[in-house]
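As structure tokens, the structure follows; a few thoughts come after it.
The values are calculated or read from the model by the stated rules, or taken from the named source; none is laboratory data. Bear in mind that the values here come from a model prediction, so they are computed numbers and not experimental data. Cβ: placed from backbone, ideal geometry, glycine included. Neighbour counts: every protein chain shown.
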Amino acid sequence: MRLVPEWKRVLLLSISFWMQIAGMLTLIVPEIRYARTGVDSNPVFLWWLGVLLLLAGIVGRIWQQGLSPWREWLRVAAIVAVVILLAFVLTGRANAGPGGASESQTLAIAVPFIAKEEGKRNEAYLDIVGVPTICYGSTRGVRIGMKKTDAQCIALLREEVSEYREKLHWFFTPATIASRLPPTRDAAYTSLAFNCGIGAVGKSTATRRLNAGDITGGCEALTWWNKAGGRVIRGLVARRTRERDLCLAGGRDES
């Protein structure tokens with residue numbers, strides 16, 4: 001004897017309901033996390049995942065209403081949505097096109113540029129806020145008393161710059177990655193992110209302008225990041241100017 005009549009229908013309705021809840025949480029929770037901790041997540045992946053969950057939940061809900069004439073259309077719509085999602089993800093993860101920059105090309109410019117801007121100390125020290133730091137500003141797993149050679153410092157910087165570049169690319173559109181990011185511009189944006197944080201730069205006017213095709217405006221917006229503690233710092237003004245010039249070295253017009 002069944003405890004719940006039409007248990008299959010009830011189960012499907014429950015699943016569609018929780019998929020909608022999961023979709024909303026996928027869109028909302030990362031924003032709350034970023035606002036409270038400053039730790040960011042992949043915005044492209046999570047946004048599309050949230051939309052897909054919401055769409056699947058809505059489709060499942062409608063499916064169970066017995067609207068049989070629409071079932072085939074809903075099935076087609078669901079398949080199309082999945083295909084679009086996969087195409088978007090694969091496009092975003094693909095290597096840059098002819099006008100873009102490979103990782104090795106960017107790192108060849110970004111690593112020495114950032115090394116010069118950051119300065120190096122081979123022995124661990126406490127930074128201005130008391131965090132153990134070493135080499136070119138690395139704080140990951142650092143303890144006072146730790147020492148590293150020049151070669152180890154460069155290797156560590158290269159590894160961290162690569163991570164910053166990869167995560168910053170989450171905020172760029174496929175068109176930007178393919179045609180608006182030659183190695184010099186990629187290095188300039190990566191340098192800013194290394195200095196100011198991935199989430200902040202990824203959501204900045206500089207990134208939005210570049211994604212919109214305004215290359216000159218995006219490069220110029222890099223110079224706005226020249227303050228610390230609410231005051232304009234001459235050292236930051238000089239660094240941002242060099243980053244802007246590096247950004248514009250790739251050309252002012254969209255490819």
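Can we say residue 233 is surrounded by fewer than 17 Cβ atoms within 10 Å (Cβ to Cβ) and touching a strand residue (DSSP E or B) at 6+ places or on another chain (Cβ under 9 Å)? Before you say what the answer is, go through the steps one by one.
On the way: surrounded by fewer than 17 Cβ atoms within 10 Å (Cβ to Cβ): yes; touching a strand residue (DSSP E or B) at 6+ places or on another chain (Cβ under 9 Å): yes.
Yes.
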Counted residues, segment 140-156 - those being exposed (fewer than 14 other Cβ atoms within 10 Å of the Cβ) and not small (Gly, Ala, Ser): 7
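Inspect all residues belonging to segment 237-250 and state whether any of them is of a type in the set (A, V, I, L, M, F, W, C), outside any helix (DSSP H, G or I) and more than 26 Å from residue 178 (Cβ to Cβ).
No: zero hits.
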Qualifying residue in segment 212-227 (condition: modelled with pLDDT under 95, touching a Ser or Thr at 6+ places or on another chain (Cβ under 7 Å) and under 19 Å from residue 174 (Cα atoms)): no
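Table: residues versus (1) more than 16 Å from residue 117 (Cβ to Cβ); (2) under 20 Å from the mean Cα position of the chain (by Cα); (3) not assigned by TED's automatic domain parsing to the domain that holds residue 121.
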{"residue": "147", "(1), (2), (3)": "yes, no, no"}
{"residue": "160", "(1), (2), (3)": "no, yes, no"}
{"residue": "184", "(1), (2), (3)": "no, yes, no"}
{"residue": "204", "(1), (2), (3)": "yes, yes, no"}
{"residue": "211", "(1), (2), (3)": "yes, yes, no"}
Out of 163, 159, 123, sole residue that is without any contact (Cβ under 8 Å) to a residue 60 or more places away in the chain, surrounded by fewer than 17 Cβ atoms within 10 Å (Cβ to Cβ) and in a strand (DSSP E or B): 123
